[in-house]
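Chemist: Sharing a structure, written as structure tokens. Questions coming.
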Amino acid sequence: IVIKGKSLTIKRADGVTSAVLNANGKSRIFKVENGANLTLENLTLTGGKATGEGDAGCGGAIFARDANKIEIENCIITGNEAYTNGGGLNIEGTPTTITNCTFTGNTAKNGGGIYIIQASKGPVVTISGGTIGGTGPNEANKATGTDSDGNGGGIYVGERCFLKLQDSTGTDAQGVLIIGNQAAKGSGVYANNIDVSMKDRTRIAVNNDVYLDNTSRIKVFGALSNNPAARITVPDSDYYVGR
């Protein structure tokens with residue numbers, strides 16, 4: 001489904017227990033670009049597959065570049081695959097909010113669950129509540145690349161973008177949980193020259209880590225509820241007394 005310069009909203013119908021968009025491994029599911037808006041609510045996106053070189057190999061479920069806005073709420077993004085980046089989502093230059101969503105079993109060379117970089121601008125991506133990964137069979141999101149790839153099992157974020165991890169709001173409010181994902185670097189989150197902000201009940205489980213590369217930083221806003229809240233890794237050359 002290609003959305004260019006328009007707005008599209010897809011929601012699960014009232015009274016229906018599930019609504020599944022399944023690409024059955026034949027293509028990615030959405031391509032969103034050039035000022036378009038996409039809103040998804042209470043859906044499952046699965047079976048997306050992005051193959052080929054360049055853009056064609058990015059974004060198993062959703063590929064977005066320079067879109068106006070993407071909003072995803074109460075959705076399950078599972079079992080999608082990209083040859084290069086963003087097994088679940090490939091977000092480039094697009095402000096994105098993800099609320100109370102679950103990402104499991106997505107794979108790519110980088111950014112198994114979510115891949116975020118700038119295009120015409122460095123976007124803010126806000127993840128409120130929800131779970132990225134899991135400890136059950138086939139729940140891990142995986143960055144499968146080798147050598148310079150293999151970064152960000154759960155999330156890859158780079159190039160002066162900004163990632164916010166925080167509680168959702170309302171009666172079903174919850175914190176972000178990143179757990180059980182796999183990558184050579186940054187099994188939970190790989191950050192490259194960006195700031196990652198953590199608030200509230202955000203937790204990156206000890207079997208995952210945040211890899212802070214190329215001057216990346218974690219910014220903490222207020223007290224974090226979980227102890228430990230994250231395991232942090234930096235390149236070997238950045239380990240020194242006082243840091």
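Chemist: I'd like to check one number: the per residue accessible area of the chain, probe 1.4 Å, reported in Å² as a whole number.
Modeler: I get 44 Å² per residue for this part.
Chemist: Oh, and also: Among Asn90, Asn138, Asn181, which one shows the highest mean-square fluctuation when the chain is modelled as a Gaussian network with alpha-carbon springs under 10 Å?
Modeler: Asn138
Chemist: Which whole number in µm²/s is D for the range 170-227 by Stokes-Einstein, with the Kirkwood Rh taken over Cα pairs at 25 °C and 0.890 mPa s?
Modeler: Values: Rh = 12.2 Å.
After rounding, the answer is 201 µm²/s.
Chemist: Can you pull the Rg over Rh of the range 40-82, Cα-only, Kirkwood?
Modeler: Values: Rg = 11.2 Å, Rh = 11.2 Å.
That ratio equals 1.01.
Chemist: Rank Leu21, Leu165 by accessible area, highest first, at a 1.4 Å probe radius?
Modeler: Leu21, Leu165
Chemist: Still on this structure, I have one more. Can you give the FRET efficiency for Ser148 and Tyr240, using 1/(1 + (r/R0)^6), R0 = 22 Å, r = Cβ-Cβ distance, to the nearest 0.05?
Modeler: Working: r = 24 Å, r/R0 = 1.10.
Rounded to the nearest 0.05, the efficiency is 0.35.
Chemist: Can you give me the distance in nm between label points at Val2 and Ile232, each placed 7 Å from the Cα along the Cα-to-Cβ direction?
Modeler: Between Val2 and Ile232, the simple spin-label model gives 4.4 nm.
Chemist: Tell me, Kirkwood radius of the range 82-156 from alpha-carbon pair distances, in Å?
Modeler: Values: mean 1/r = 0.0821 Å⁻¹.
It works out to 12.2 Å.
Chemist: In percent, how large is the relative contact order of the range 164-243, given Cα pairs closer than 8 Å and 6 or more residues apart? Numbers along the way, then the final one.
Modeler: Working: 163 pairs, mean separation 23.0, N = 80.
Taking the mean separation of contacting Cα pairs over the length of the range 164-243, I get 29 percent.
Chemist: Just to be sure I understand the curve: with the Debye formula and one point per C-alpha of the range 48-121, what is log10 I(q)/I(0) at q = 0.11, 0.19 Å⁻¹?
Modeler: Taking Cα atoms of the range 48-121 as identical point scatterers yields -0.22, -0.66.
Chemist: State, as an integer percentage, the relative contact order of the range 116-186 based on alpha-carbon contacts under 8 Å between residues 6 or more apart.
Modeler: Computed over the range 116-186, the figure is 47 percent.
Chemist: Okay, next question. Within the set of other residues whose C-beta is less than 14 Å from the C-beta of Asp167, count the net charge using Lys and Arg as +1 and Asp and Glu as -1. Each step should come with its number before you reach the end.
Modeler: Details: positive: Lys164, Lys199, Arg201, Arg203; negative: Asp172, Asp200.
Within the 14 Å Cβ shell, the charges total +2.
Chemist: Please state the charge dipole magnitude for the range 9-165, taken about the Cα centre, from unit charges on C-beta atoms (+1 on K and R, -1 on D and E), reported in debye and rounded to the nearest 20. Display every interim value, and only then the final one.
Modeler: Working: 13 positive and 14 negative charges, 26 e Å.
Charge dipole of the range 9-165: 120 debye, to the nearest 20.
Chemist: For Lys199, Lys26, Lys11, give me the order by solvent-accessible area with a 1.4 Å probe, most accessible first, ignoring ligands, DNA and RNA. Present the calculation step by step, with values, prior to reporting the outcome.
Modeler: Working: Lys199 70, Lys26 165, Lys11 120 Å².
Ranked from most to least accessible, the order is Lys26, Lys11, Lys199.
Chemist: Per residue and in Å³, how big is the convex hull formed by the alpha-carbon atoms of the chain?
Modeler: Working: hull volume 29.8 nm³, N = 243.
Hull volume over Cα atoms, normalised by residue count, gives 123 Å³.
Chemist: So for the chain, if I pair up every lysine 8 or more residues apart or on another chain, how many of those pairs have alpha-carbons under 16 Å apart?
Modeler: 17
Chemist: Let me ask something else about it. Of Phe30, Phe162, Phe221, which has the largest mean-square fluctuation in a 10 Å C-alpha GNM of the chain?
Modeler: Residue with maximal mean-square fluctuation among Phe30, Phe162, Phe221: Phe221.
Chemist: Still on this model: Sort 201-213, 107-119 by packing, meaning the average of other beta carbons within 10 Å per residue, with the highest value first. Please list the in-between numbers first.
Modeler: Details: 201-213: 21.6, 107-119: 28.5.
So the order, starting with the most tightly packed, is 107-119, 201-213.
Chemist: Here's something else I'd like to know. Which whole-number percent gives the relative contact order of the chain, counting Cα pairs below 8 Å spaced six or more residues apart?
Modeler: Details: 848 pairs, mean separation 28.7, N = 243.
Relative contact order here is 12 percent.
Chemist: Moving on to the next point. Using 0.36 nm times the number of residues separating Ser225 and Asp14, minus their current alpha carbon distance, what extension gain do you get?
Modeler: 72.4 nm
Chemist: So how far, in whole Å, is the C-alpha centre of the range 22-93 from the one of the range 119-158?
Modeler: Between the Cα centres of the range 22-93 and the range 119-158 lies a distance of 13 Å.
Chemist: With only alpha-carbon atoms counted, please give the Rg and Dmax of the range 1-129, in Å.
Modeler: 13.1, 41
The values are calculated or read from the model by the stated rules, or taken from the named source; none is laboratory data. Note that the coordinates shown come from a computational prediction; the quantities given were computed from them, not determined experimentally. Cβ sites come from the backbone with ideal geometry, for glycine too, and all protein chains shown count toward neighbours. Accessible surface is based on the protein model in full, side chains and every heavy atom, while ligands, DNA and RNA are left aside. Shrake-Rupley method; radii C 1.70, N 1.55, O 1.52, S 1.80 Å.
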